[in-house]
1. Would you tally the residues in the range 120-151 being of a type outside the set (Gly, Ala, Ser) and out of contact with any helix residue (DSSP H, G or I) (no Cβ under 9 Å at 6 or more places or on another chain)?
2. Return the pair list, or none, for Cβ contacts closer than 8 Å from residues in the range 153-166 that are outside any loop (DSSP other than H, G, I, E, B) to residues that are exposed (fewer than 11 other Cβ atoms within 10 Å of the Cβ), at least 6 apart or on different chains.
3. Of all the residues that make up the range 177-193, how many are in a helix (DSSP H, G or I) and surrounded by 14 or more Cβ atoms within 10 Å (Cβ to Cβ)?
4. Give the range 194-214 a look and list any residue that's part of a helix (DSSP H, G or I) and in contact (Cβ under 8 Å) with a residue 60 or more places away in the chain, or say none.
5. Can we say Met137 is surrounded by 20 or more Cβ atoms within 10 Å (Cβ to Cβ) and in contact (Cβ under 8 Å) with a residue 40 or more places away in the chain?
6. Go through the range 235-269 and report how many residues are in a loop (DSSP other than H, G, I, E, B) and surrounded by 15 or more Cβ atoms within 10 Å (Cβ to Cβ).
7. Against the condition closer than 25 Å to Leu220 by Cβ, assigned to a loop (DSSP other than H, G, I, E, B) and of a type in the set (Phe, Trp, Tyr), how does Tyr174 come out, does it pass?
8. Can you find a residue that is polar (S, T, N, Q) and over 26 Å from Ala125 (Cα atoms) anywhere in the range 176-193?
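The values are calculated or read from the model by the stated rules, or taken from the named source; none is laboratory data. Bear in mind that the values here come from a model prediction, so they are computed numbers and not experimental data. Note: ideal-geometry Cβ built from the backbone for every residue, glycine included; neighbour counts use all protein chains shown.
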Amino acid sequence: MPRKTAPYRWDAEDYRRFSSQQKKWGRELMDKLRLRGDEDILDLGCGDGMLAAELAERVPRGSVLGVDVSPEMIRNARRAYSPHRYPNLFWEVADACRLPFKERFDVVFSNAVLHWIRDQSAALAGISRALRPGGVMLAQMGGRGNAAEVACVLVSLMASEKWSPYFHNMDIPYLFHTPEDYVPLLEEVGLDPVRVELIHKDMVHEGREGMAGWIRTTWLPFTQRVPQHLREDFITEFVDGYLRDFPPDENGLVHVNAVRLEVVARKPL
């Protein structure tokens, strides 16, 4: 979920097709919540809504509000998860840096989102306000060193004669934090860190197509700087550059070294 001012257009259906790894990690993260079943949960950066719907099934006596800055994602989620089947599941377009909620939720859950937020202080202050006393924030995001080999290929591509004109004066739109620099950010907004750690994961894609789908659906700050008629060429060169150094394994799977920052924090009573 990029900031509201970012002009990225998310393709919800395409994201659904190529976000299986994010969903897998999101389910692993959800399993770490010790839910009674009556909690009110905010899914911050809910994307296509699949994980929010699964959270709603886990709190039959509670509720889940999925928010995302992308109207396309929220429209898709509303179509996919009807109130008849999910009466305790709700949707809203919202910017993570301008959350309007006050002491409304027992849990704020966020998967693969917060590294997109440049103003972490604003986002965390909104999370802190949104939590009831004793409420818990559980988040996982890209951490320092995430997809470093992929980033190296991208930097080389951006510097090439062919593509560099499209990346002049570009600001990197995400931040990959360490526990050491994230803990003070939590404390500044009144959240007590419970556990903040880097976790190494193997991101697996189904061959060239899966790798290209991941780049096309989640690297929008870069791909959308390229004119649309050249975008697939750019993605193809991006994938080719990575696969030259990190070819698929014997089963045709492409591996990316991912680093996640996992955060558990609590709002004091």
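1. Initial filter on the range 120-151 (of a type outside the set (Gly, Ala, Ser)): 120, 124, 127, 129, 131-133, 136-138, 140-141, 144, 146, 149-150.
If we keep only those that are out of contact with any helix residue (DSSP H, G or I) (no Cβ under 9 Å at 6 or more places or on another chain) as well, we get 129, 131-133, 136.
Selection size over the range 120-151: 5.
2. Partner pairs satisfying both residue conditions: Val153/Asp245; Tyr166/Pro227.
3. Initial filter on the range 177-193 (in a helix (DSSP H, G or I)): 179-188.
Still in the list and also surrounded by 14 or more Cβ atoms within 10 Å (Cβ to Cβ): 179, 182-183, 185-186.
Summing the residues that are in a helix (DSSP H, G or I) and surrounded by 14 or more Cβ atoms within 10 Å (Cβ to Cβ) in the range 177-193 gives 5.
4. Within the range 194-214, the first condition is being part of a helix (DSSP H, G or I), and the residues that meet it are 207-214.
Across the range 194-214, the qualifying residues are Gly210, Gly213, Trp214.
5. The answer is yes for Met137.
6. Taking the range 235-269 and keeping what is in a loop (DSSP other than H, G, I, E, B), we get 246-253, 267-269.
Those left that are additionally surrounded by 15 or more Cβ atoms within 10 Å (Cβ to Cβ): 246, 248, 267.
Summing the residues that are in a loop (DSSP other than H, G, I, E, B) and surrounded by 15 or more Cβ atoms within 10 Å (Cβ to Cβ) in the range 235-269 gives 3.
7. Details: closer than 25 Å to Leu220 by Cβ: yes; assigned to a loop (DSSP other than H, G, I, E, B): yes; of a type in the set (Phe, Trp, Tyr): yes.
When the stated conditions are applied, Tyr174 passes them.
8. The initial filter retains those residues of the range 176-193 that are polar (S, T, N, Q), namely 178.
From the residues that got through so far, the ones that are over 26 Å from Ala125 (Cα atoms) too are none.
No - not one qualifying residue is present in the range 176-193.
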